[in-house]
Amino acid sequence: MAQLVASRRPGRGIPSAPELAALSVAGLLLFFAAWYGVAASGWVPSRFLPGPQVIAEMIDRLAQQPYAGYTIQVHTLASLKRFALGFGLAAALGVPLGLLMGWYRWLDDLVTPLFEAVRFVAPIAWVPFAALWFGTGIGGPILIIFSGAFPPCVINAYRGARQVDKVLVEAAQTLGAGGLRAIGEVLVPAALPSIVAGLRVSAGLGWQSLIGAELIVVSSGVGYLMVQGQTSLQTPIVMSAMVAIGVIGFVIDVALRALERAVRRSWGDQG
Amino acid sequence: MFRNVKRAFRRSDQEVLALDDVSFEVGEKEFVAIVGPSGCGKTTLLRMAAGLDFPSAGSVLVGAHEVAGPGPDRAVVFQQFALFPWKTVEENIGFGLRCRGTPSDARAAIVARYVELMGLQGYERAYPQQLSGGMQQRVAIARSYALDPDVLLMDEPFGALDAQTRVVMQEELIKLCRVNPRTALFITHSVEEAVYLADRVVVMTRSPGRIREILDIASVRRREAWEKLEHVEEVMDLESFVHLRTRIWRMLREQQEGAAVPGVPAQPA
Ligand SMILES: Nc1ncnc2c1ncn2[C@@H]1O[C@H](COP(=O)(O)OP(=O)(O)OP(=O)(O)O)[C@@H](O)[C@H]1O
Ligand SMILES: [Mg+2]
């Protein structure tokens with residue numbers, strides 16, 4: 001319905017999309033230039049801070065030759081698989097739980113005290129249990145990712161459900177919608193922006209927790225690669241792993257941001 | 001329909017009586033309008049008929065049964081439209097039919113009919129936020145009409161319309177009710193609108209909301225043959241119309257006693 005919507009021209013002082021992209025690129029370039037400059041100047045021993053070109057070479061080498069058992073691609077895939085399972089489980093359980101807590105008062109009262117206590121236990125604090133319950137199996141890291149990713153899923157779905165305009169629910173009821181339809185066609189779409197915002201936070205926390213988990217309980221993944229590099233005092237390997245973590249985290253966030261935009265569009269928000 | 005209805009609300013640890021001893025009946029296929037100052041409990045009454053609110057004392061009956069909850073036999077046009085922002089105009093209008101299980105081709109035909117009736121052609125796939133307030137209101141009205149309900153409950157359905165569209169909608173509503181009479185409870189701030197549309201007008205007083213008087217319009221309309229006139233403004237020029245309008249205005253004014261008058265009487269409709 002493009003003809004209904006006034007096109008939004010970038011006003012004076014508000015940067016346009018290409019200008020913003022250029023700014024991001026400039027920021028990155030500046031960062032790499034500074035990094036390169038500091039490393040090349042010799043102020044910091046290259047053992048502590050290798051230059052970007054060293055890291056690039058190292059990543060290339062890690063992609064060809066296995067280190068700590070696997071190539072960097074295999075490590076990354078192992079991490080992504082754990083992340084997908086832990087995050088998927090957190091979303092699949094957390095979002096419905098949050099929605100239903102927002103919908104049914106009794107469930108809210110039943111779950112909230114326990115949830116509020118448990119969610120303050122940091123993901124890393126689950127490491128002993130993860131090791132105890134699952135040994136070195138895949139359950140351990142999933143539990144840790146889950147513990148990081150679950151609370152934001154619940155909280156945002158719950159907030160979304162609580163903020164649904166009551167009159168919309170009433171309208172659906174007067175039009176003959178039963179409980180299931182009211183949940184599926186009013187509660188869920190009304191809460192969707194909040195749910196997706198929660199998923200974004202959740203994915204970030206989940207990915208961070210994953211690295212924590214891999215530092216300890218497994219023998220593959222980028223986190224593991226990092227510890228192995230550290231114990232053998234290979235700073236370039238540690239930094240290569242950090243780059244991989246950062247890049248993948250960024251990609252995950254971009255994907256979820258695209259999802260957020262798609263949701264807003266399906267709400268008829270063209271802005 | 002309403003029998004000795006009372007409704008109290010709690011407001012900061014205090015019981016506030018919003019409605020006190022309201023009794024009136026809307027006959028089968030009768031069109032009843034409620035007018036009264038803002039905050040006198042009109043919306044509360046309508047919500048009780050819809051099954052979205054319940055009396056503190058007394059009872060609300062539809063047919064022989066006490067109202068237990070909302071249902072598609074009593075369609076509501078909400079004061080705040082209450083359109084689903086994630087659904088297009090078409091999907092909003094068709095929502096009730098889908099709940100009912102109407103097959104999709106029959107549904108599309110009904111939706112198309114109301115889109116045309118409400119002058120929404122070309123906006124079928126637009127989202128509510130892309131429409132003006134008046135257009136949103138027309139979608140809300142279409143959504144309720146599309147269900148062809150036994151009882152229509154309308155809370156200032158024309159409130160957000162401009163004067164011309166409002167007149168068109170009033171004439172459409174009159175036509176619609178003549179072709180297919182149905183029981184209707186209609187809240188409005190416009191005395192003219194109430195007198196023009198309704199068979200009876202309930203005039204309410206404020207805090208707590210009580211019934212001041214119930215005026216019979218239908219007998220005057222029949223006697224003076226208002227139906228013969230096609231347009232709102234012609235009816236509004238009739239002496240019988242002006243007489244009724246003035247009577248209602250006097251009732252509303254005498255209970256104001258210094259308080260601001262809700263709305264301005266001058267503009268027809
Ligand atoms: N849920 C509620 N909780 C507390 N008080 C309420 C509630 N709903 C309505 N009231 C009170 O009841 C009274 C009547 O409200 P209502 O909305 O029915 O008025 P109204 O006649 O529809 O007014 P308007 O013409 O402005 O729409 C008001 O004093 C209002 O403050
Ligand atoms: Mg009201």
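The values are calculated or read from the model by the stated rules, or taken from the named source; none is laboratory data. This structure is a prediction, so every number in the text was calculated from the model and none was measured. Glycine also receives a Cβ, built like all others from the backbone with ideal geometry; neighbour counts cover every protein chain displayed. Ligands, DNA and RNA are stripped out before the accessible areas are found, and what is left, the full protein with its side chains, is counted by its heavy atoms. Shrake-Rupley method; radii C 1.70, N 1.55, O 1.52, S 1.80 Å.
Residue check: A:VAL263 meets all listed conditions (1) within 14 Å of another protein chain (Cβ to nearest Cβ); (2) touching a Leu at 6+ places or on another chain (Cβ under 7 Å); (3) open to solvent by 20 Å² or more (accessible area, probe 1.4 Å) but one, namely (3).
From A:ARG200, A:ARG264, which residue is at pLDDT 90 or above and among the charged types (D, E, K, R)? Write out each step before concluding.
On the way: A:ARG264 fails: at pLDDT 90 or above.
The match here is A:ARG200.
Restricting the stretch B:75-102 to residues that are more than 16 Å from ligand 1 (Cβ to nearest atom), without any contact (Cβ under 8 Å) to a residue 40 or more places away in the chain and part of a loop (DSSP other than H, G, I, E, B) leaves a set whose member that is nearest to A:ALA190 (Cα to Cα) is B:THR88. Filtered by the rule that a residue be more than 15 Å from B:ARG200 (Cα to Cα) and not in a loop (DSSP other than H, G, I, E, B), the stretch B:217-242 gives B:GLU224, B:GLU227, B:LYS228, B:VAL232, B:GLU233, B:GLU234, B:VAL235, B:MET236, B:ASP237, B:GLU239, B:VAL242. Scanning the stretch B:53-70 for residues that are within 12 Å of ligand 1 (Cβ to nearest atom) and open to solvent by 30 Å² or more (accessible area, probe 1.4 Å) yields B:PHE54, B:SER56. Residues that are outside any helix (DSSP H, G or I) and either open to solvent by less than 30 Å² (accessible area, probe 1.4 Å) or among the hydrophobic types (A, V, I, L, M, F, W, C) (or both) within the stretch A:214-242 comprise A:VAL217, A:VAL218, A:SER220, A:GLY221, A:LEU233, listed in sequence order.
As for the stretch A:246-258, it holds no residue that is within 14 Å of another protein chain (Cβ to nearest Cβ) and open to solvent by 10 Å² or more (accessible area, probe 1.4 Å).
Only residues that are in contact (Cβ under 8 Å) with a residue 60 or more places away in the chain, in a loop (DSSP other than H, G, I, E, B) and within 16 Å of ligand 1 (Cβ to nearest atom) were counted across the stretch B:141-159, and they come to 3. If a residue has to be facing another protein chain (nearest Cβ under 10 Å) and within 16 Å of ligand 2 (Cβ to nearest atom) to count, how many in the stretch B:45-79 make the cut? Of the residues in that region, 8 qualify. If the condition is being within 17 Å of B:GLY36 (Cβ to Cβ), of a type in the set (Val, Ile, Thr) and touching a helix residue (DSSP H, G or I) at 6+ places or on another chain (Cβ under 9 Å), then the stretch B:203-227 contributes B:VAL203, B:THR205, B:ILE217. Quick one: is A:ILE211 open to solvent by 10 Å² or more (accessible area, probe 1.4 Å), part of a helix (DSSP H, G or I) and closer than 18 Å to A:ARG105 by Cα? Considered against the rule, which asks whether it is open to solvent by 10 Å² or more (accessible area, probe 1.4 Å), part of a helix (DSSP H, G or I) and closer than 18 Å to A:ARG105 by Cα, A:ILE211 comes out as no. When we screen B:GLU116, B:GLU91 for residues that are away from chain A (no Cβ under 14 Å) and open to solvent by 40 Å² or more (accessible area, probe 1.4 Å), the only hit is B:GLU116.
Within the stretch B:26-52, the set of residues being of a type in the set (Lys, Arg) and within 13 Å of ligand 1 (Cβ to nearest atom) comprises B:LYS42, B:ARG47.
Taken over the stretch A:108-148, residues that are part of a loop (DSSP other than H, G, I, E, B) and either touching a Leu at 6+ places or on another chain (Cβ under 6 Å) or open to solvent by 90 Å² or more (accessible area, probe 1.4 Å) (or both) amount to 2.
Residues in the stretch B:24-44 that are open to solvent by less than 30 Å² (accessible area, probe 1.4 Å), among the small types (Gly, Ala, Ser) and either within 16 Å of ligand 2 (Cβ to nearest atom) or within 14 Å of another protein chain (Cβ to nearest Cβ) (or both): B:ALA33, B:GLY36, B:GLY41.
Residue by residue, here is whether (1) under 30 Å from A:ALA68 (Cα atoms); (2) modelled with pLDDT under 85; (3) among the polar types (S, T, N, Q) holds:
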{"position": "A:ARG119", "(1), (2), (3)": "no, yes, no"}
{"position": "A:LEU143", "(1), (2), (3)": "yes, no, no"}
{"position": "A:GLN163", "(1), (2), (3)": "no, no, yes"}
{"position": "A:ALA171", "(1), (2), (3)": "no, no, no"}
{"position": "A:ILE183", "(1), (2), (3)": "no, no, no"}
{"position": "A:PRO189", "(1), (2), (3)": "no, no, no"}
{"position": "A:VAL196", "(1), (2), (3)": "no, no, no"}
{"position": "A:ILE211", "(1), (2), (3)": "yes, yes, no"}
{"position": "A:GLN228", "(1), (2), (3)": "yes, no, yes"}
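If only residues of the stretch B:160-200 that are within 16 Å of ligand 2 (Cβ to nearest atom) and in a strand (DSSP E or B) are counted, the one that is farthest from B:ALA75 (Cα to Cα) is B:ILE187. Residues in the stretch A:152-183 that are open to solvent by less than 20 Å² (accessible area, probe 1.4 Å) and more than 14 Å from chain B (Cβ to nearest Cβ): A:PRO152, A:CYS153, A:VAL154, A:ALA157, A:ALA161.
Has the stretch B:169-177 got at least one residue that is within 16 Å of the chain's Cα centre (by Cα), more than 16 Å from ligand 1 (Cβ to nearest atom), within 21 Å of B:VAL32 (Cβ to Cβ) and not assigned by TED's automatic domain parsing to the domain that holds B:ARG221?
Applying the first criterion (within 16 Å of the chain's Cα centre (by Cα)) to the stretch B:169-177 yields B:169-177.
After this cut, where a residue has to be more than 16 Å from ligand 1 (Cβ to nearest atom) as well, the list is B:169-177.
Then keep just the ones that are within 21 Å of B:VAL32 (Cβ to Cβ); that gives B:169-177.
Subset that is not assigned by TED's automatic domain parsing to the domain that holds B:ARG221: none.
Within the stretch B:169-177, none of the residues are within 16 Å of the chain's Cα centre (by Cα), more than 16 Å from ligand 1 (Cβ to nearest atom), within 21 Å of B:VAL32 (Cβ to Cβ) and not assigned by TED's automatic domain parsing to the domain that holds B:ARG221.
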